[in-house]
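The values are calculated or read from the model by the stated rules, or taken from the named source; none is laboratory data. Keep in mind that what you see is a predicted model, and the values were worked out from it rather than measured. Heads up: the accessible areas ignore ligands, DNA and RNA and are worked out on the full protein's heavy atoms, side chains in. Shrake-Rupley method; radii C 1.70, N 1.55, O 1.52, S 1.80 Å.
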Amino acid sequence: MDLRAKLRHVMDFPKEGIDFIDITTVLQDAEAFKVCMDTFKGYAEQIGDFDIIVGSESRGFIFGAPLAYQMGKGFVPVRKKGKLPYKTIRVEYDLEYGKDVLEMHADAVKPGQKVLIVDDLLATGGTTEANIKLIEQLGGEVAGIIYFIELGFLEGRKKLEGYKVNSIVSF
């Protein structure tokens, strides 16, 4: 199945000049969503040994949590500032169109744990770079990173050199 053809493009969202790639069309199609999740699982199995999956708010939750369930792993949510109820660590990072802060519970990743990062989109790599900083600050090791979509023309992989990176669909 061509998942790329299932995606919807929304021009000028969230601001003028942005071609937003809408994943909801894949999520609404049971067969397409199954193919997507099965592909995530195949990539995760190729990465090999890891202990836990990390996903960023909010679309990283959509793919990370069901993948963790499929693979019998725990899931760690990375959230925007002020959304987690317990003691957190945080990192400020650059977005494609601004700045933001991400937080993770201070006890979410144990020293030496191998972590798989799962997210919907690799654009400039800023969100993933922030996730890596949080994981490594807690003593975790990034085993690999998997995305649904990669915008290759933004060269986000350059920020992720030295890490195993896979994406299902590339533009």
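Which entries of Lys15/Lys99; Lys41/Lys164; Lys87/Lys114 have Cα-Cα distances beyond 19 Å here? Please list the in-between numbers first.
On the way: Lys15/Lys99 15 Å; Lys41/Lys164 15 Å; Lys87/Lys114 22 Å.
Table pairs above 19 Å Cα-Cα are Lys87/Lys114.
Working from the pairwise distances between different alpha carbons, so that the mean of 1/r is found and then inverted, what is segment 89-171's Kirkwood radius in Å?
Working: mean 1/r = 0.0769 Å⁻¹.
Over segment 89-171, the inverse of the mean reciprocal pair distance is 13.0 Å.
Using the alpha-carbon centroid of each, what span in Å lies between segment 1-59 and segment 112-138?
16 Å
For the chain, calculate the relative contact order in percent as a whole number, restricting contacts to Cα pairs under 8 Å that are 6 or more residues apart.
Values: 337 pairs, mean separation 31.8, N = 171.
The normalised contact order for the chain reaches 19 percent.
Taking only the alpha carbons of segment 1-46, what extent do you get along each of the three principal axes, in Å, biggest first?
39, 22, 14
Per q in 0.10, 0.16, 0.18 1/Å, what log10 I(q)/I(0) does a Debye calculation on the alpha-carbon atoms of the chain return?
-0.35, -0.94, -1.19
Pull up the DSSP beta bridges for segment 1-134 and report the antiparallel fraction as a percent, rounded to 5. Please list the in-between numbers first.
Details: 14 of 23 bridges.
Roughly 60 percent of the beta bridges in segment 1-134 run antiparallel, per DSSP.
Keeping all protein chains in position, work out how much accessible area Lys80 exposes to a 1.4 Å probe, and write it in Å² to the nearest 10.
About 90 Å², ignoring ligands and nucleic acids.
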